[in-house]
Amino acid sequence: MRAPAWLLLPILLAACGPDAPPPCLDAVAEAPDGAYVRSALVDGDERVVTYADGRTVRVPPDPRRIVSTLPGLTELVASLGALDRLVAVTEHCDRPPEIEGLRRIAVMPFDVEGLAAMRADLVLVDPVLNTDAVRVPDAPAFLPLESRT
């Protein structure tokens, strides 16, 4: 059983708000066996997310320009009250209604040039569908989140 994506995203977006004691992720422990994300720790001014396979992703401490590449992740960001941080969503996102005016980005294949124009600092991606995007050099932080659990 894998840990749901919503376990990690609230920590990154909400728990590290202005009222949280710095560094706010110090108390996050390793995930149970079988989880997709093993840990999320603070390293200086960045958060380091470690996956079960050993990969690590460095995430900005307070992402302000977020791109969501899956409808479920877009809804998750909305439920966390962070719609004001979304700068683009996938062409498949249709909820909540507040995303109507946001820029749309193609994800299959991934629109790397469009992403660069948005000056995003965090891109939420599917670890299976968007594997090419995760390997783009000089790109913002790509945070793969398991979205099917």
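The values are calculated or read from the model by the stated rules, or taken from the named source; none is laboratory data. Just so it is clear, the structure is predicted and the values come from calculations on it, not from any experiment. Note that we place each Cβ from the backbone using ideal geometry, even for glycine, and neighbour counts take in every protein chain shown. Side chains are part of the model used for accessible areas, which takes the heavy atoms of the whole protein and leaves out ligands, DNA and RNA. Shrake-Rupley method; radii C 1.70, N 1.55, O 1.52, S 1.80 Å.
Taking region 56-72 as the range and being in contact (Cβ under 8 Å) with a residue 12 or more places away in the chain and open to solvent by 40 Å² or more (accessible area, probe 1.4 Å) as the test, the residues that pass are R58, P61, D62, R64, R65, P71, G72.
Where helices (runs of 4 or more DSSP H) fall wholly inside region 43-149, the ranges with 2 or more residues that are at pLDDT below 85 are 112-118, 131-134.
When region 73-90 is filtered for residues that are among the small types (G, A, S), touching a residue at least 24 places away in the same chain (Cβ under 8 Å) and open to solvent by less than 50 Å² (accessible area, probe 1.4 Å), the ones remaining, listed by number, are A82, A88. Enumerate the pairs (first residue in region 91-107 and under 15 Å from V123 (Cβ atoms) and in contact (Cβ under 8 Å) with a residue 24 or more places away in the chain; second residue anywhere and surrounded by 11 or more Cβ atoms within 10 Å (Cβ to Cβ) and of a type in the set (K, R)) with beta-carbon separation below 9 Å, excluding pairs fewer than 6 apart on the same chain, so at least 6 apart or on different chains. Close Cβ pairs satisfying both conditions: C93/R104. How many residues, within region 109-123, are over 21 Å from P60 (Cα atoms) and surrounded by 14 or more Cβ atoms within 10 Å (Cβ to Cβ)? Residues meeting the conditions: 2. Against the conditions (1) at pLDDT 50 or above; (2) under 30 Å from R103 (Cα atoms); (3) not in a helix (DSSP H, G or I), A35 satisfies every one except (2).
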